[in-house]
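Asker: If you scroll down you'll find the structure; I have some questions about it.
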Amino acid sequence: PKGDPGAVGGYGASASYWSTIDQNGTNGSIQAMTLNNIDWETGISLQSGSQIHMNSAGKYNIAFSAQFHQTNSSSIVNIWLAKEGTAIPDTNTKVAITANNPYVVAAWNFFVNAAEGDHYEIMWSANSANAVIEYEPAGVHPAIPSVIVTVNQVG
């Protein structure tokens, strides 16, 4: 026979962040995508503007979008995930931004199996200083954050 329903489970850790600053390419230098706004964070914390700290062990989905703008010529941008400052193998993707298509949105997600206290960063490099992760203030349309990151515990 069917038993009584169990108690409703709790929600996992989650967070929502975004950036309202331009982030400029540096012609080959590696840098973290930075975030300067917190919508909420429960069981996750943002530290040093780019480090996403997991306050408990579990499986997490880290999703992001970044609004790239090419201000001159063209660029190849690489984007990957780092854990504790070290690149995670097989997480890199290249994005080409050309002068005749100067806006590109990079958006994807990573699933990670985190230990308590692990931190992750979304890293990038461009082969041109003309690549910018660009914030656009509100005008006729709502503002466009340069970077948006959401994190959800999934296990």
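The values are calculated or read from the model by the stated rules, or taken from the named source; none is laboratory data. All values reported here derive from a predicted model rather than from experimental measurement. Counting neighbours? That spans all protein chains shown, and the Cβs are built from the backbone with ideal geometry, glycine included. SASA here: full protein model, heavy atoms, side chains in, ligands and nucleic acids out. Shrake-Rupley method; radii C 1.70, N 1.55, O 1.52, S 1.80 Å.
Asker: I'd like to check something: does segment 131-139 contain any residue that is over 20 Å from Gln70 (Cβ atoms) and within 14 Å of the chain's Cα centre (by Cα)?
Answerer: Among the residues of segment 131-139, not one is over 20 Å from Gln70 (Cβ atoms) and within 14 Å of the chain's Cα centre (by Cα), which makes the answer no.
Asker: If I ask for residues that are open to solvent by 70 Å² or more (accessible area, probe 1.4 Å), in a loop (DSSP other than H, G, I, E, B) and either at pLDDT below 75 or among the polar types (S, T, N, Q) (or both), which ones from segment 7-25 would you list?
Answerer: Once the filter is applied, which keeps residues that are open to solvent by 70 Å² or more (accessible area, probe 1.4 Å), in a loop (DSSP other than H, G, I, E, B) and either at pLDDT below 75 or among the polar types (S, T, N, Q) (or both), segment 7-25 yields Ala7, Val8, Gly10.
Asker: Is at least one residue of segment 121-141 more than 18 Å from Asp22 (Cα to Cα), open to solvent by 70 Å² or more (accessible area, probe 1.4 Å), of a type in the set (Val, Ile, Thr) and out of contact with any His (no Cβ under 8 Å at 6 or more places or on another chain)?
Answerer: yes
Here is a yes/no grid of residues against (1) over 19 Å from Asn113 (Cα atoms); (2) in contact with an Asp or Glu (Cβ under 6 Å, 6 or more places away or on another chain); (3) in contact (Cβ under 8 Å) with a residue 40 or more places away in the chain; (4) surrounded by 16 or more Cβ atoms within 10 Å (Cβ to Cβ):
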site	(1), (2), (3), (4)
Ile44	no, no, yes, yes
Gln47	yes, no, yes, no
His53	no, no, yes, yes
Ile62	no, no, yes, yes
Gly85	no, no, no, no
Ile88	no, no, no, no
Asn92	no, no, no, no
Asn100	yes, no, no, no
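Asker: Taking the residues in segment 109-120 that are outside any loop (DSSP other than H, G, I, E, B) and either open to solvent by 60 Å² or more (accessible area, probe 1.4 Å) or free of Cβ contacts under 8 Å to residues at least 12 places away in the same chain (or both) as candidates, determine which candidate is nearest to Gly155 (Cα to Cα).
Answerer: Applying the filter and picking the extreme gives Asn113.
Asker: If I filter segment 30-42 for residues that are in contact (Cβ under 8 Å) with a residue 24 or more places away in the chain, farther than 21 Å from Trp124 by Cβ and open to solvent by less than 50 Å² (accessible area, probe 1.4 Å), do I get at least one hit?
Answerer: No, that holds for no residue.
Asker: Determine whether segment 125-135 contains at least one residue that is among the charged types (D, E, K, R), in contact with a strand residue (DSSP E or B) (Cβ under 7 Å, 6 or more places away or on another chain) and assigned to a strand (DSSP E or B).
Answerer: Within segment 125-135, none of the residues are among the charged types (D, E, K, R), in contact with a strand residue (DSSP E or B) (Cβ under 7 Å, 6 or more places away or on another chain) and assigned to a strand (DSSP E or B).
Asker: Before we move on, is Ser75 open to solvent by 20 Å² or more (accessible area, probe 1.4 Å) and of a type outside the set (A, V, I, L, M, F, W, C)?
Answerer: no
Asker: Looking only at strands (runs of 3 or more DSSP E) that lie completely in segment 34-107, which have at least 1 residues being more than 15 Å from the chain's Cα centre (by Cα), of a type outside the set (D, E, K, R) and over 24 Å from Pro137 (Cβ atoms)?
Answerer: 37-42, 58-70, 75-83, 93-97
Asker: For Ser75, indicate whether it is at negative phi and modelled with pLDDT under 95.
Answerer: yes
Asker: For segment 142-155, how many residues are modelled with pLDDT under 95 and surrounded by 18 or more Cβ atoms within 10 Å (Cβ to Cβ)?
Answerer: Number of matching residues: 0.
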